[in-house]
Every structure is written in structure tokens, then in C-alpha cells.
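Bear in mind these aren't lab numbers, they're just calculated from the coordinates by the rules spelled out. Treat the numbers as computed from the prediction; the structure is a model and nothing was measured. So basically every Cβ, Gly included, is an ideal-geometry build from the backbone, and we count neighbours across all protein chains shown.
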Amino acid sequence: MERALVGDIPRRQEGRAGALSAVGAHRIVVVGGGAGGLELATRLGDRLGRRGRAHVTLVDRSRTHLWKPLLHEVAAGSMDMHDHQLDYLAQARWHRFTFALGALAALDRAARTITVAAVIDDEGGEILPQRQIGYDTLVIAIGSESNDFNTPGVREHAFTLDNTWQAHLFHRRLVNACFRANYAGVGERIDIAIVGAGATGVELAAELHNTIRVLAGYGLENFDPARQIHLTVVEAGPRILAGLPDHIAEGTLRVLTDLGVDVLTSEKVVSVDAKGLKTASGRDVPGNFVVWAAGIRCADVLADLGGLESNRINQLVVKPTLQCTRDDDIFAIGDCAAAPWKDGRTVPPRAQSAHQMASHVSKSIDRRMRGEAPLAYRYRDFGSLVSLGDYDTVGQIMGFISSEKFRVEGWFARFVYISLYRQHIWALHGFWRMALDTLARMIRRQTEPKVKLH
Ligand SMILES: Cc1cc2nc3c(=O)[nH]c(=O)nc-3n(C[C@H](O)[C@H](O)[C@H](O)COP(=O)(O)OP(=O)(O)OC[C@H]3O[C@@H](n4cnc5c(N)ncnc54)[C@H](O)[C@@H]3O)c2cc1C
């Protein structure tokens, strides 16, 4: 019998009409443990791994998971990442899958293996060598990163909110700058320029406005945020929150303007340096801190991964079933999948799409293992919400009975916004653990500072 390269798991044998009649457990490899991939690995582990029907492996370049929509709160300091990170090894043990640390580096479709890059520690020493992992079904879910459109200076001088480390680093430097400003007195000014007025950019602006004021209340007596902090949001398009309904954009703009945040539209950023940024119209926007939150692209590794079809932002092109166009054994989900939607558009890169795709592919894998063809995925847009920190939440959601959308704002919108994260926790831990976790956090909030102070 042929052997797999990792984990000593027997290879599958092709059965009738594409059915997967495995001689040993079917090998499912999920690459990327984010909003979509971790939910999928958890479901598959619970359903197939626990009963020995499949061997499920999750591969991720990080050791811990944090739901990406929380990153702007980590950056602003309203959330401590250590309280919300989930250890992949623990989740793997609880839900009967195997965790492999390392970044996807290559794919050999003929041999049905992926290559995982060597893992190197901070001192440059090798922790794990480059390895191959064999699969029968592969799911790629490595998400996206921000797109700097090759704008000069972004890599060197701007922060992104692509991962937990970047968000944490931004917050630490910002707190240091506030301490410095407190010591130096009112002459010291901190300019924060946020590029991109999508949901991430505007949410970050509102969150920062609030948390900096709360931080100042914890003993920074000489620090006056109203005079010393200046926030600007710069957007290339004609209005903020492109793609969202007018009333959400208008409500958001009103809140930001009332807070004193400068919102510049139709201003395309052409360069970033240590002092700030320049726009195509010749405008200079000062910025000791520049955060790049405009557009997405996927990692270069997907550009020609084993000959799979990809688009100009490196997303893998998939069929309506979410199988890659050139290989039925490979699925792509979440931000890294270009899945057909409506009017020639693709499914938007959102946590709700990643969540839906994970459930869909989990069912498709079941069907394939029974010898049935996977069904087409249909994206259901449940609405959009924009959280402006403690100030407001605006958006629209789909009704429970009809598919009509309703405007929501205020505390109800905030409740729905928070429940999106709770839904993710539910998918990862089940209802009772989610409920206990929610209760524990509500109690802990009474005994902790309102913002992260270091
Ligand atoms: C600040 C911010 C706020 C957001 N807010 C919202 C919101 O309010 N609502 C909403 O719907 N969406 C929001 N989004 C978008 C949402 O986060 C994404 O659409 C969603 O996380 C995509 O899920 P995913 O599983 O495709 O990828 P991700 O959740 O990004 O997960 C990708 C995983 O792949 C791993 N990975 C990456 N490269 C490799 C590699 N080469 N090898 C192995 N592993 C790899 C990463 O470590 C990560 O664990 C927000 C995004 C950001 C950045």
C-alpha cells in the first residue's frame, strides 16, 4: 500500500463515477485557519475525524487564531488580543483534527501533496523543516491581505491590519506616542492618517477617537486628545463605504464629522513617507501614523499554485461548487476564492461569506465521500453593519421572514454586530461554551480597564 508523506495516512483509491472509496481514512487538508478554514476544520474534525472516517489536517502559518474583523479593535486598544486568541493545537485536540504549523509554499497536483515552508524562530534557527503533506481533498482558505497597489513608501512607512502582530504593533506605538505627548505637553501633536474609507478604515477612525480619550483618562493629565490628536481618513473614491447603501455612508460620515475626523474623498494616495502621505491632487496629509486599509489582494503563492486558475488579485477562480476550475479535488473558500455571484461579480470578501462557504464545503465533502456530486453554493447577503465604536452602529440587515432588508442603528445594530463574532465562537466551541464565554467576559469587563494601557 502506498503511504502518505506525513502522518502515515493511507492514500485514497478512485472509485466509481468519482466516488471516494478510501482504503484508509480519507485525507482532508485545510490550509488557513481563519474565519472560514478554522470553522471548516472544526466541523470536519467533529463529524468525520472523531468517527475515524477521515483524517483532517489544518495548516496555518500562525500558532493562534484571532477572528480578523476584531483587528481594528486590537489596533485601537479596545480589545486585548491575548483574551481572544485561540490556540490551534488546543482546538485540534478538542475537535479531533491535526494541526501543522507552517506556510503553504507549493502544490503538486499530480502527487496530491502540498509543500509547507520551513518554520524559523526569531533568532533565525529552524524549528521545523520544509515538509510535504498528502491530501485526497484540499481546501485552500488563506484569506487576503491589504493591497498597496505598489504605492511607493507603503511597505516601509504604513501599518496594515493584515494580522494580529501588525494590529498589536500599531497599538503599542500609539500608546508610546501618547505617553510622549503627555510628557512633552500640549505642543506635541499626533497625526493619524487612515487610507481607505471602507468599513475597516471608518471603524478604525471612530474606535481610535474613543479609545485615545479613554486612555488619556488613565492618568495622562497633560495630554489633551482634542488638541493633540488629529485623525484623517483619505479615500480615492467619490464617497465613503463604496458598495454599501447611501444611508449607511451618510450616517457614518455624519458621526465622523461630528467627532472632528477629516474625511477626504476623491483623493488618491500616490506616496507615503515618514511624515505622512501625498495625494494625486498634490495635497500633503500629515501622519506620524499611516494605516493602509484600502483594497485586498491574495498572497503571491496563489498566483500560479500548481497550475490552478487565479485572477489579477491572485484569488483562486472557483466553480459555483467552490471547486477550483482546474481540479475537482481542490476547493477554495473565503477571501482567497473568486466565486461567481450575480451581475458578473464575485462573492464579496467578508466574514459572513467565509462562514457560509465553510458550512457549504463541509456538506460537499460529505457528499463526495458518499459518491455524490457537490451542490452549487449560493451566497446569502444578510446585510452590512458598520460599528463606530461607542458612538453608533449603523447598517441594514435581512428580515427573519422576508428577504427584504431593514435599516438598523443604535443599540440593536450594535447587538447584531456583536452577535456576528458570537456566531463564530459558537461555530468553534458549540452553544454552551459560547454562552459561558459571553457571560465570563461580561463579568470580567467590570473589573478591567476599558482600554488596553500597554
Ligand atoms: C480590520 C478588519 C475588519 C473587518 N471587519 C469585517 C466585518 O465587520 N464584517 C465582515 O464580514 N468582514 C470583515 N472583515 C473581512 C473579514 O475579516 C474577512 O473577509 C474574513 O476574515 C475572511 O476569512 P478567510 O477565512 O478567508 O481568511 P482569514 O480570516 O484572513 O484567515 C486566513 C488564515 O490563513 C492563514 N494563512 C495566510 N497565508 C497562509 C499561508 N501561506 N499558509 C498557511 N496559512 C496561511 C492566516 O494565518 C489566517 O489564519 C474585516 C477585515 C479586517 C482586516
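Side notes on the structure shown:
- Rough spin-label spacing in nm, given labels placed 7 Å along Cα→Cβ, for Asp284 and Asn222: 2.8
- DSSP finds beta bridges in the chain, and of those with both partners inside it, around 55 percent are antiparallel.
- Taking only Cα atoms of the range 326-426, radius of gyration then Dmax in Å: 16.2, 52
- Of all DSSP beta bridges confined to the range 165-278, the antiparallel ones make up roughly 25%.
- Long-range amide H partners of Ala100 with built H, under 5 Å: Leu58, Val59, Asp60
- Equivalent ellipsoid semi-axes - Cα gyration tensor, the range 374-454, angstrom: 27, 20, 11
- Entry note, the chain: the mean residue ellipticity at 222 nm calculated from DSSP H runs of n ≥ 4, each adding -39500 (n - 2.57), is -9500 deg cm²/dmol after division by the residues and rounding to the nearest 500.
- Among the trypsin sites (Lys or Arg not before Pro) in the range 363-392, those located in a DSSP loop and surrounded by at most 16 other Cβ atoms within 10 Å of their own Cβ are Arg370, Arg378, Arg380.
- In order along the range 127-134, the phi-based Karplus estimate (6.51 cos²θ - 1.76 cosθ + 1.60, θ = phi - 60°) of 3J(HN,Hα) comes to 8, 10, x, 4, 9, 10, 10, x Hz; Gly and Pro are listed as x.
- The lysines within cross-link reach of Lys363, meaning a Cα-to-Cα straight distance under 25 Å and a gap of 8 or more places when in the same chain, are Lys68, Lys319, Lys342.
- Highest average packing first - 213-220, 265-272, Cβ atoms within 10 Å: 265-272, 213-220
- Cross-link reach is defined here as a Cα-Cα straight distance under 16 Å, omitting same-chain residues fewer than 8 places apart; for Lys450 none of the lysines meet it.
- Only Lys, Arg (+1) and Asp, Glu (-1) charged, at Cβ; the chain dipole about Cα centre in debye: 1500
- Packing-based order for 388-398, 432-442, using average beta carbon neighbours within 10 Å, highest first: 388-398, 432-442
- D_trans [Stokes-Einstein, Kirkwood Rh over alpha-carbon pairs] for the range 204-282, 10 °C, 1.306 mPa s, µm² s⁻¹: 111
- Where only alpha carbons of the chain are counted, the Rg and the Dmax (Å): 23.0, 76
- Counting all C-alpha pairs of the range 70-189, share separated by more than 26 Å (%): 45
- For the range 52-191, the antiparallel share of DSSP beta bridges with both residues in that region comes to about 75%.
- The range 108-157 and the range 326-345 have their alpha-carbon centroids 20 Å apart.
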